[in-house]
Amino acid sequence: MKRRAFLLSLPLLYSGRLLAAPSAPARFLLVFLRGGYDAANLLVPVSSAYYYETRPNIAIPKEAALAINADWGLHPALGESLHPIFLRGEAAFVPFAGTEDLSRSHFETQDSIELGQPLNARSYASGFMNRLAAALGADGAISFTSQLPVAFRGEAKVANVALNRLGRSGVDARQSALIAEMYQGTTLGAQVSEGFAARDSVMRGLADEMEAASRNAVTARGFEAQAKRIARLMQREYRLGFVDVGGWDTHVGEGGAAGYLATRLDELGRGLGAFAQAMGAAWRDTVVVVISEFGRTFRENGNRGTDHGHGTVYWVLGGGVRGGRVAGEQLRVSRDTLFQDRDYPVLNEYRAVLGGLFARLYGLDAAQLARVFPGAAAKDLTLL
């Protein structure tokens, strides 16, 4: 099937502005999934035989995927949280999204996105969220992170509150030793000790990379626990927010309809649902965008996981979002359409997509958008 452009990609021009400024103060929250989440198991290409051929152990069965349209389904873990928002027309997905950065490095690509600058002319003095705050010309920006992220670096004033202490594992090394001691001398003693030792051996090999890729971000469980707190702050005081959520680097034991990724998606979805509900009437003037530095390889690897990829899927949520659909330029998913025979290609460049959203949300003109995203042209997906 030939490439399809479902929506117009030209910016809307009127008297030098893309759109008139919104009548109510708009709120924007960027949720950054650090670690490169597996987008192909979130927005499932149910019409692709190649998807099921190359993921014999981790594919989401077509009958288990939640209905989106003939080509796409949604991971069943989001059935009670995000899917109802989608069915209300308040959520959309943008597949084949991402950056031109081909490094497949967590740190390199995270920085590329947060800076929002051309790859050949980057300066770490200024991130795109800070430039957006400056363009809006007012206080009211906040980062829910342990330290100010690259996206918020710059001259504009930004508040900062850490959430990363929450959502840690319920059983640490000390508690594991106590539990093993409790069972010592019993018929289960050897099994308990061996179980903890096996867990520690596996996790030791993965923990360093997972933690580094997450950059000390809050876990999905921690985000779920704090979503209402974030909503209260954004509802009352702040109009521009950033939160990062770690734990998405699924090289081993990713799982399919159930398992590690399903649990993370369930926690994230519940957090987003709680945030939407807690925003109350302000939800109609709020936009949440969920992104990640990249997607993952289309084929599963030998460890029943996936490796670093390229294109991914963005989520766009909000009470005023024209959702209930999959937006942006798309391709039929097959081996022939993969990028470098391994990944989703990027057809919807992140600066163009976000620039189009900011134009509609804040009424920014072309000159203001050029300061937020230098060298990029806004792409209007009519999501607002």
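State all residues of segment 118-127 that are in contact (Cβ under 8 Å) with a residue 40 or more places away in the chain and under 17 Å from Asn160 (Cβ atoms); if no residue qualifies, say none. Explain how you work it out, then say what you get.
We begin by selecting, within segment 118-127, every residue in contact (Cβ under 8 Å) with a residue 40 or more places away in the chain; these are 118, 121.
Answer for segment 118-127, where residues must be in contact (Cβ under 8 Å) with a residue 40 or more places away in the chain and under 17 Å from Asn160 (Cβ atoms): there is none.
Note down all Cβ pairs under 8 Å where the first residue falls in segment 242-255 and is under 20 Å from Ala151 (Cα atoms), the second is among the hydroxyl-bearing types (Ser, Thr, Tyr) and assigned to a loop (DSSP other than H, G, I, E, B), and they're at least six residues apart or on different chains.
Taking only residues 6 or more apart or on different chains, the pairs are Phe242/Thr145; Val243/Thr145; Asp244/Thr145; Val245/Thr219; Gly246/Thr219; Gly247/Thr219; Trp248/Tyr37.
Return the total of residues in segment 356-369 being open to solvent by less than 10 Å² (accessible area, probe 1.4 Å) and touching a Gly at 6+ places or on another chain (Cβ under 9 Å).
1
So which of Arg34, Arg27, Arg17 is basic (Lys, Arg), at pLDDT below 95 and in contact with a strand residue (DSSP E or B) (Cβ under 7 Å, 6 or more places away or on another chain)? Can you show your working first?
On the way: Arg34 fails: at pLDDT below 95; Arg27 fails: at pLDDT below 95.
Only one candidate passes the filter, namely Arg17.
Of the numbered conditions (1) open to solvent by less than 60 Å² (accessible area, probe 1.4 Å); (2) more than 22 Å from Gly36 (Cβ to Cβ); (3) part of a helix (DSSP H, G or I), Ile113 fails exactly one; give the number of that condition.
Going through the list (1) open to solvent by less than 60 Å² (accessible area, probe 1.4 Å); (2) more than 22 Å from Gly36 (Cβ to Cβ); (3) part of a helix (DSSP H, G or I), Ile113 breaks only (2).
Tell me which residues, restricted to segment 124-151, are among the small types (Gly, Ala, Ser), in contact with a Lys or Arg (Cβ under 7 Å, 6 or more places away or on another chain) and open to solvent by 10 Å² or more (accessible area, probe 1.4 Å).
Ala125, Ser126, Ala135, Gly140 - these are the residues of segment 124-151 that are among the small types (Gly, Ala, Ser), in contact with a Lys or Arg (Cβ under 7 Å, 6 or more places away or on another chain) and open to solvent by 10 Å² or more (accessible area, probe 1.4 Å).
Name the one entry in Val346, Val372 that is out of contact with any helix residue (DSSP H, G or I) (no Cβ under 6 Å at 6 or more places or on another chain), of a type in the set (Val, Ile, Thr) and surrounded by 20 or more Cβ atoms within 10 Å (Cβ to Cβ). So that I can check it myself, show each step before the final result.
Values: Val372 fails: out of contact with any helix residue (DSSP H, G or I) (no Cβ under 6 Å at 6 or more places or on another chain).
Testing whether each residue is out of contact with any helix residue (DSSP H, G or I) (no Cβ under 6 Å at 6 or more places or on another chain), of a type in the set (Val, Ile, Thr) and surrounded by 20 or more Cβ atoms within 10 Å (Cβ to Cβ) leaves just Val346.
Could you tell me how many of the residues in segment 143-182 are part of a loop (DSSP other than H, G, I, E, B), at pLDDT below 90 and of a type in the set (Ser, Thr, Tyr)?
Result for segment 143-182: 2.
Could you list, in sequence order, the residues of segment 306-322 that are open to solvent by 20 Å² or more (accessible area, probe 1.4 Å) and either more than 29 Å from Gly253 (Cα to Cα) or polar (S, T, N, Q) (or both)?
Gly319, Gly320, Arg322
With respect to Asp285, is the statement that it is open to solvent by 10 Å² or more (accessible area, probe 1.4 Å), within 24 Å of Ala92 (Cβ to Cβ) and acidic (Asp, Glu) true?
Values: open to solvent by 10 Å² or more (accessible area, probe 1.4 Å): yes; within 24 Å of Ala92 (Cβ to Cβ): yes; acidic (Asp, Glu): yes.
Criteria met by Asp285.
The values are calculated or read from the model by the stated rules, or taken from the named source; none is laboratory data. What you are looking at is a predicted structure, and each value in this text was computed from that prediction instead of being measured. Glycine also receives a Cβ, built like all others from the backbone with ideal geometry; neighbour counts cover every protein chain displayed. Accessible surface areas use protein heavy atoms only, side chains included; no ligands, DNA or RNA. Shrake-Rupley method; radii C 1.70, N 1.55, O 1.52, S 1.80 Å.
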